[in-house]
Amino acid sequence: LGVVNDPTLNRDSCGSALIGGRVLWTCRDTQTVDSSGVNALPIISTTASWTDLNAQGQPSLSGNTYSMYGSNNLQSTFYPLQADECNGNTAGSCSDNTRYAIWPDSSPLVTDTAADGTVTAYTWIRNDHIKADLSDLTPDCVSSLYKVVYSTSAGHDALPTVTLVNENFWTASEQLPYGAYGGFVADGTAYLYGKGSSGTVGLAKVPVGSIENKSAYQFYVNGGWTSMAPSLGASGVNIPNVSAGGQGTYYYSPPWNSYVWIGQPGLSVSADFFITTSPNPEGPWTQPTKFYSGANGNATLGAYTLQAH
């Protein structure tokens, strides 16, 4: 359809969610663009923007551009860095040349739209502590839970407010980062997928009104639901074919009467899109199938994190 763009910002990996009749985009590393079109420092690890929909609920394009807007405070990050995440700068860069890459892997999960239009959503983000070569110092790290609230009383360009619910919601090397890999809401229940460094993808569920209460979660283990969170390496947790291994998007398709995952295979750098479907959140999921190959870019990495591009 077109290019999603804010000409004043250079952004990496933006995911989207429908909030208040508009589309909210949450993006990873962002730089400002000066008047000559050159990217400028510093790096801001997360920012956000709005785009509009037309009366038919379709993207409101200007030519082939889908224009982003919003009042970003470029002196801080959309998902706030914490004191133990080298938050003396907006990149999370540490003095030992490491970095806390607080990058969302999935879009905010909307759990409630109130009568006055206030929208509540949540995002789980892995607290990746990475080296200069992007390798993880803690592959199965802590995951934080953030609350995102949009109020209709805020100005048109105002972005939702974000608060940290729990920096250690899923503890390091103990549980899968449920929600960070994606999820959806169905019949008042949030279904949340988590992927560990071993490739295991597990599933948790929780009533939408109890997202912040860990004791309300149930976990799919050995073909059934249990209130006891499985350990990171527990057997019977992995759900076969629930993805092709890389980043993607989960949603429910009414025409197909199926749950759907669309995304990429593993750490691919090609624009190959795969799909798998299931009648239930826990499966059985079909064998992931490649359904589309896009044109690769001409940069060092032709394509990556397809869910967010």
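The values are calculated or read from the model by the stated rules, or taken from the named source; none is laboratory data. These numbers were taken from a predicted model, which means no experiment stands behind them. Note: ideal-geometry Cβ built from the backbone for every residue, glycine included; neighbour counts use all protein chains shown.
Residues are listed down the side, and each one gets a yes or a no for (1) outside any strand (DSSP E or B); (2) surrounded by 16 or more Cβ atoms within 10 Å (Cβ to Cβ); (3) within 20 Å of the chain's Cα centre (by Cα):
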site	(1), (2), (3)
PHE169	no, yes, yes
ALA172	yes, yes, yes
LEU203	no, yes, yes
VAL206	no, yes, yes
TRP225	no, no, no
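Is at least one residue of the range 149-163 in contact with a Lys or Arg (Cβ under 9 Å, 6 or more places away or on another chain), farther than 28 Å from ASN73 by Cα and crowded, with 16+ Cβ neighbours inside 10 Å?
No - not one qualifying residue is present in the range 149-163.
For the range 22-41, indicate whether the set of residues that are in contact with a Lys or Arg (Cβ under 8 Å, 6 or more places away or on another chain), more than 25 Å from GLY302 (Cα to Cα) and free of Cβ contacts under 8 Å to residues at least 60 places away in the same chain is non-empty.
There is no residue in the range 22-41 that is in contact with a Lys or Arg (Cβ under 8 Å, 6 or more places away or on another chain), more than 25 Å from GLY302 (Cα to Cα) and free of Cβ contacts under 8 Å to residues at least 60 places away in the same chain.
Examine the range 271-284 for a residue that is surrounded by fewer than 16 Cβ atoms within 10 Å (Cβ to Cβ) and not in a loop (DSSP other than H, G, I, E, B), and state whether such a residue exists. Walk me through how you get there before you give the answer.
Step one: list which residues in the range 271-284 are surrounded by fewer than 16 Cβ atoms within 10 Å (Cβ to Cβ), which gives 279-280, 284.
Narrowing the set further to residues that are not in a loop (DSSP other than H, G, I, E, B) leaves none.
No, that holds for no residue.
Quick one: count up the residues across the range 46-95 that are within 23 Å of ASN168 (Cα to Cα) and either touching a Pro at 6+ places or on another chain (Cβ under 8 Å) or not hydroxyl-bearing (Ser, Thr, Tyr) (or both).
Residues flagged as within 23 Å of ASN168 (Cα to Cα) and either touching a Pro at 6+ places or on another chain (Cβ under 8 Å) or not hydroxyl-bearing (Ser, Thr, Tyr) (or both) within the range 46-95 amount to 17.
Could you check the range 184-199 and list, in sequence order, the residues that are outside any strand (DSSP E or B), over 18 Å from the mean Cα position of the chain (by Cα) and not charged (D, E, K, R)?
If the condition is that a residue be outside any strand (DSSP E or B), over 18 Å from the mean Cα position of the chain (by Cα) and not charged (D, E, K, R), then GLY188, SER198 are the ones that fit.
Quick check on my filter: what residues within the range 152-172 are among the polar types (S, T, N, Q) and closer than 21 Å to LEU81 by Cα?
If the condition is that a residue be among the polar types (S, T, N, Q) and closer than 21 Å to LEU81 by Cα, then THR161, THR163, ASN166, ASN168, THR171 are the ones that fit.
Would you be able to say whether some residue in the range 40-61 is under 20 Å from ALA132 (Cα atoms), of a type in the set (Asp, Glu) and surrounded by 14 or more Cβ atoms within 10 Å (Cβ to Cβ)?
Within the range 40-61, none of the residues are under 20 Å from ALA132 (Cα atoms), of a type in the set (Asp, Glu) and surrounded by 14 or more Cβ atoms within 10 Å (Cβ to Cβ).
Limited to the range 150-167, what total is found for residues that are over 13 Å from ASN127 (Cα atoms) and in a strand (DSSP E or B)?
The number of residues fulfilling the criteria is 5.
Please enumerate the residues belonging to the range 284-304 that are closer than 25 Å to LYS205 by Cα and within 22 Å of the chain's Cα centre (by Cα).
Passing the criteria: TRP285, PRO288.
Mind telling me which of the residues SER243, SER231 ends up being polar (S, T, N, Q) and either free of Cβ contacts under 8 Å to residues at least 40 places away in the same chain or touching a strand residue (DSSP E or B) at 6+ places or on another chain (Cβ under 8 Å) (or both)?
SER243
Go through the range 25-49 residue by residue and tally those that are outside any loop (DSSP other than H, G, I, E, B) and in contact with a Phe, Trp or Tyr (Cβ under 6 Å, 6 or more places away or on another chain).
The total comes to 3.
Quick one: which of GLY196, GLY245, GLY183, GLY202 is under 19 Å from ALA17 (Cβ atoms) and in contact with a Leu (Cβ under 9 Å, 6 or more places away or on another chain)?
GLY183
Quick one: how many residues across the range 272-308 are out of contact with any Phe, Trp or Tyr (no Cβ under 6 Å at 6 or more places or on another chain) and either among the hydroxyl-bearing types (Ser, Thr, Tyr) or closer than 22 Å to ALA186 by Cα (or both)?
13
With respect to ASP84, is the statement that it is out of contact with any Ser or Thr (no Cβ under 8 Å at 6 or more places or on another chain), at pLDDT 95 or above and not hydroxyl-bearing (Ser, Thr, Tyr) true?
For ASP84, the condition - out of contact with any Ser or Thr (no Cβ under 8 Å at 6 or more places or on another chain), at pLDDT 95 or above and not hydroxyl-bearing (Ser, Thr, Tyr) - is met.
How many residues are farther than 14 Å from ILE102 by Cβ and either under 18 Å from the mean Cα position of the chain (by Cα) or not in a loop (DSSP other than H, G, I, E, B) (or both) if we restrict to the range 121-138?
Final tally of qualifying residues: 2.
Going by the structure shown, is ASP133 over 25 Å from ILE211 (Cα atoms), charged (D, E, K, R) and free of Cβ contacts under 8 Å to residues at least 24 places away in the same chain?
Yes, satisfied.
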